[in-house]
Amino acid sequence: MSSIFTKIIEREIPSDIVHETENIIVIRDIAPKAKTHVLIIPKKEVRTVDDFGKEDASLISEMIFTAQEVATKLGVSGAYQLQFNVWEKWGQEVPHVHLHLLSQYN
Ligand code: AMP
């Protein structure tokens, strides 16, 4: 079943897109928990970090390199946090894996 992030990727619902590649989309979080708060979302539908397989190794590294690139683009490259919430019991609300990038700057 498609998550809200798939609907965003497919432009069925609007979002504030800050970066996009063939495999990844980066959007501003709708309820930011820091001055800068974006979500790095693979277009591939993977439910949570535990569902990544070895075949996703390059996608996972692409997420990290995208974080570096977006942090630079948003002017927070000197001070930011990356966070995965893994499973609902630890606060994962959207069942489509995503990496939070947060910063108190910009
Ligand atoms: P998590 O709790 O790790 O699953 O994070 C999900 C995040 O998605 C939360 O920080 C929400 O504020 C954010 N979110 C939910 N719906 C949207 C949306 N339509 N556009 C942007 N961010 C969203």
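No value in this document is a laboratory result; all are computed from the given coordinates. Here the structure is a predicted model, which means the values were calculated and not measured. Don't worry about glycine lacking a Cβ; one is built from the backbone with ideal geometry, like all the others, and counts go over all protein chains shown.
Overview of values
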quantity	calculated
Pair list, Cβ under 7 Å, 6 or more apart: segment 29-40 residue over 16 Å from PHE5 (Cβ atoms), other residue more than 7 Å from the ligand (Cβ to nearest atom) and of a type in the set (S, T, N, Q)	ALA34/SER103; ALA34/GLN104; LYS35/SER103; LYS35/GLN104; LYS35/ASN106; THR36/SER103; THR36/ASN106
Criterion: closer than 17 Å to ASP29 by Cα, without any contact (Cβ under 8 Å) to a residue 60 or more places away in the chain and within 16 Å of the ligand (Cβ to nearest atom) - qualifying residue of VAL97, VAL46	VAL97
Test: residue in segment 78-86 that is touching a strand residue (DSSP E or B) at 6+ places or on another chain (Cβ under 7 Å), on the phi < 0 side of the Ramachandran plot and more than 15 Å from the ligand (Cβ to nearest atom)	yes
Residue count for segment 1-37, restricted to those that are surrounded by 18 or more Cβ atoms within 10 Å (Cβ to Cβ), among the hydrophobic types (A, V, I, L, M, F, W, C), more than 9 Å from the ligand (Cβ to nearest atom) and under 14 Å from LEU74 (Cβ atoms)	1
